[in-house]
């Protein structure tokens with residue numbers, strides 16, 4: 001009986017420790033994503049590079065970018081250059097840590113406001129990120145965004 005009680009206590013302590021680690025990872029990932037937002041608003045491509053795995057895949061606006069260099073050179077780099085008065089943030093962030101804290105996925109909403117090509121941009125939508133934990137910290141391995149629906153012509 002004593003052996004069973006010790007096994008139960010050990011299991012509870014292990015589960016409690018894993019839960020605390022997961023909870024800590026969730027908070028750290030949320031803070032990490034807020035740091036991403038600041039780098040995005042600063043248009044700091046070097047800092048943004050530190051958030052992405054080199055072999056990241058990005059699904060955005062019906063297009064696909066394979067790898068950080070492709071995304072930087074053919075999508076986010078030119079896009080950021082064209083933005084003035086940029087505002088960007090993630091909201092309603094939900095973090096799911098998996099595989100003993102080595103992998104996570106994040107669901108969130110994003111909001112972007114800026115001026116580009118003489119027009120005001122007010123965009124936002126949903127995002128799912130797949131993260132991997134590397135020796136250098138969390139990195140985005142896959143990103144999929146979906147812009148919110150635009151109002152139909154005529155205000156419907």
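The values are calculated or read from the model by the stated rules, or taken from the named source; none is laboratory data. All values reported here derive from a predicted model rather than from experimental measurement. Neighbour counts are summed over all protein chains in view; Cβ atoms, including those assigned to glycine, are modelled from backbone coordinates with ideal geometry.
Observations on the model:
- Helices (runs of 4 or more DSSP H) within region 43-156 that include 2 or more residues surrounded by 18 or more Cβ atoms within 10 Å (Cβ to Cβ): 68-71
- Selection from region 104-137 of residues that are out of contact with any strand residue (DSSP E or B) (no Cβ under 6 Å at 6 or more places or on another chain) and within 22 Å of residue 49 (Cα to Cα): 133, 134, 135, 136, 137
- The residue of region 83-101 that is farthest from residue 144 (Cα to Cα), among those that are out of contact with any helix residue (DSSP H, G or I) (no Cβ under 6 Å at 6 or more places or on another chain) and modelled with pLDDT under 95, is 100.
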